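Peer 1: Sharing a structure here in structure tokens format.
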Amino acid sequence: MMISNKVENIVILNHHATAPDTGGGGRHYELGKSLSEAGHNVCVLASSYDNGKKEYLTYEKVNEVKFSERFKFIRFKTAPSYKSTLGRFLNYINYKNYAGAYSNFGDTPTIIIASSVHPLAWIAGYKLSKKYNAKFIVEVRDLWPLTMYEDFSGLKRKLVFSYLESLEKKYYRLADAIITTAPFAFEYIESKYNIDKSKVHYIPHGIDIEKFDDEQKMSDDILSEELSEVLNSYFCVTYTGALSKSEGLSTFVKSAKLLEQYKDIKLVVVGGGPEKNKLEKIIEENKLENVIIFGKQPRKYIPLILKKSKILFCGLMDREAFKYGISKNKFYDYMASNKPIIFCSNVRGSLITKAGAGVTIKPGNSENLAENIISIYNNYDNVGEKFGSNGRRFAEENHTVKIVSDQFLNVISHVK
């Protein structure tokens with residue numbers, strides 16, 4: 001791996017990037033922190049609108065937060081709020097305009113990384129790269145518009161795809177390098193747009209293992225009395241994250257009916273989102289007493305919740321884009337927790353299987369899910385603990401923030 005010693009001035013565009021000062025974190029905060037500690041200057045351009053909380057983190061037009069002398073976040077008050085699909089798209093446009101016009105960087109940018117929470121970030125990123133004669137790197141978090149294939153149909157799908165595919169075609173070709181979080185995305189980019197696969201670099205998500213371990217050591221007192229009691233008293237099969245349709249949570253909750261004879265097993269759902277009412281209805285209609293839904297918890301509580309759980313659940317509905325693989329942040333939290341994982345998905349190249357961190361089964365089958373829960377439950381001291389240790393080792397060897405930041409620097413070295 002070739003890494004240049006030159007100090008780079010790196011600008012990262014991510015509409016939804018979050019940081020610890022507002023209770024968040026994630027890929028670009030951790031990456032920026034690591035790159036700045038390696039001696040580079042990093043500025044992340046984000047929005048102050050929190051899509052999860054549906055509120056603004058700050059009402060300043062432009063807000064600057066410095067995490068160190070070399071690392072800062074700039075947040076733009078983008079509008080309008082996400083009250084409709086149109087509102088969301090107008091917010092995207094507003095972010096593109098703010099980010100593309102921003103100039104108060106201090107040091108002249110040498111590297112622009114535009115990340116596709118949505119592809120309009122590429123427009124702003126390319127504009128900045130031309131203005132400052134900087135190298136332009138496209139990061140593909142989701143394969144737009146393929147990731148939305150199931151969300152549209154008919155004429156609307158045709159119009160949306162036509163526009164977004166035109167952006168893909170243009171900015172994949174203009175980019176000095178393309179970074180993807182999906183391991184097989186190069187196949188899509190090469191076959192659809194005739195982009196040489198040597199230009200495409202797979203860099204998955206990473207995890208700050210030391211921070212995760214420190215948060216696992218936090219006292220139970222930070223948790224609600226009810227959540228703490230459940231985690232300490234039962235064999236908990238736990239899901240943490242957004243309660244969205246794509247996560248396969250209906251299957252998870254329905255599997256509880258088949259586990260009722262195991263009085264010490266509880267299914268625990270920790271999070272908030274649009275599927276909550278649907279899940280509560282399933283619980284009520286089936287009179288399930290072995291499923292408990294807790295609200296969204298602060299990010300720093302999650303390692304402790306995972307530590308106190310016995311099995312961790314992750315699911316994904318079928319999507320056309322998943323044939324190119326995925327990289328979910330949840331995977332690395334789960335693996336770092338040293339617990340067995342059940343992953344319900346048809347996604348290609350399951351990381352859980354690759355790591356030997358658990359089992360990957362087909363989605364939508366609550367009976368099969370229950371059978372796998374029982375199998376690990378009955379063999380926990382052998383099979384369960386082996387899955388857990390395999391996952392932890394895999395995360396340490398392949399997915400630390402330091403490893404990921406070195407991979408970014410390697411790409412940067414090749415485009416200079």
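Peer 1: Listed highest first by mean packing, meaning other Cβ atoms within 10 Å per residue, what order do 101-107, 202-208, 30-36 come in? Write out the running numbers ahead of the final one.
Peer 2: On the way: 101-107: 11.7, 202-208: 20.7, 30-36: 23.3.
So the order, starting with the most tightly packed, is 30-36, 202-208, 101-107.
Peer 1: By its C-alpha gyration tensor, with a ≥ b ≥ c as the square roots of the eigenvalues, how is region 297-336 shaped: rounded for a/c under 1.5, else prolate for a/b larger than b/c, else oblate? Write down the numbers at each step before the final one.
Peer 2: On the way: a/c = 2.72, a/b = 2.31, b/c = 1.17.
The shape class here is prolate.
Peer 1: Given a 10 angstrom Cα cut-off, can you work out which residue in ASP21, ASP142, ASP406 is the most mobile in a GNM of the chain?
Peer 2: ASP21
Peer 1: While we're on this one: Which of ILE374, ILE305, ILE111 ends up with the largest GNM mean-square fluctuation for the chain, with Cα atoms connected below 10 Å?
Peer 2: ILE374
Peer 1: Of the residues LYS211, LYS276, LYS72, which exhibits the maximal mean-square fluctuation in a Gaussian network model of the chain defined by a 10 Å Cα contact cut-off?
Peer 2: Most flexible of the set in this elastic network: LYS211.
Peer 1: Kirkwood hydrodynamic radius, region 209-398, all distinct C-alpha pairs: what's the number in Å?
Peer 2: Values: mean 1/r = 0.0605 Å⁻¹.
With all distinct Cα pairs of region 209-398 included, I get 16.5 Å.
Peer 1: Output the peptides 360-366, 179-185, 329-335 sorted from most to least packed, where packing is the average of other Cβ atoms within 10 Å over each peptide's residues.
Peer 2: Numbers: 360-366: 17.0, 179-185: 21.1, 329-335: 24.1.
Top to bottom by mean Cβ count within 10 Å: 329-335, 179-185, 360-366.
Peer 1: Considering the values (i) 25.0; (ii) 22.4; (iii) 32.0, which represents Kirkwood radius over Cα pairs in Å as calculated for the structure under consideration?
Peer 2: (ii)
Peer 1: Out of region 31-104, which GluC sites (Glu not before Pro) are coil in DSSP terms and have no more than 14 other C-beta atoms within 10 Å? Don't skip to the answer; put the middle values down first.
Peer 2: Details: sites: GLU37, GLU55, GLU60, GLU64, GLU69; in loops: GLU60, GLU69.
For GluC sites (Glu not before Pro) across region 31-104 that sit outside H, G, I, E and B with at most 14 neighbouring Cβ atoms in 10 Å, the list reads GLU60, GLU69.
Peer 1: Right, here's the next one. Ranking request for peptides 256-264, 79-87, 243-251: highest mean number of other beta-carbon atoms within 10 Å first, then the rest in descending order. Walk me through the intermediate numbers first.
Peer 2: Values: 256-264: 15.3, 79-87: 12.6, 243-251: 19.9.
So the order, starting with the most tightly packed, is 243-251, 256-264, 79-87.
Peer 1: Can you return the lysines within cross-link range of LYS77? Criterion is Cα-Cα under 22 Å, with same-chain partners fewer than 8 residues away left out.
Peer 2: Of all the lysines, those that pass the test against LYS77 - Cα under 22 Å, at least 8 places apart if same chain - are LYS53, LYS54, LYS61, LYS66, LYS96, LYS127.
Peer 1: State which entries of LYS72/LYS276; LYS330/LYS386; LYS199/LYS323; LYS287/LYS308 exceed 31 angstrom in Cα-Cα distance in the structure shown. Kindly include the intermediate steps, with their values, before the conclusion.
Peer 2: Details: LYS72/LYS276 35 Å; LYS330/LYS386 19 Å; LYS199/LYS323 20 Å; LYS287/LYS308 26 Å.
Too far apart for the 31 Å limit: LYS72/LYS276.
Peer 1: Follow-up question, since we're still on this one. Using a Förster radius of 41 Å, what is the FRET efficiency between GLU320 and ASN379 based on their Cβ-Cβ separation? Nearest 0.05, please. Kindly include the intermediate steps, with their values, before the conclusion.
Peer 2: Numbers: r = 36 Å, r/R0 = 0.88.
Here the calculated transfer efficiency is 0.70.
Peer 1: Now a separate question. From the Cα gyration tensor of region 255-299, with a ≥ b ≥ c the square roots of its eigenvalues, which class applies: rounded if a/c is under 1.5, or else prolate if a/b is larger than b/c, or else oblate? Display every interim value, and only then the final one.
Peer 2: Working: a/c = 3.29, a/b = 1.46, b/c = 2.24.
It comes out oblate by the Cα gyration axes.
Read-outs: derived from the displayed coordinates by stated rules, not from any lab. Model, not experiment: these values are computed from the prediction. Cβ coordinates were reconstructed from backbone atoms using ideal geometry, including for glycine residues, and neighbour counts include every protein chain displayed.
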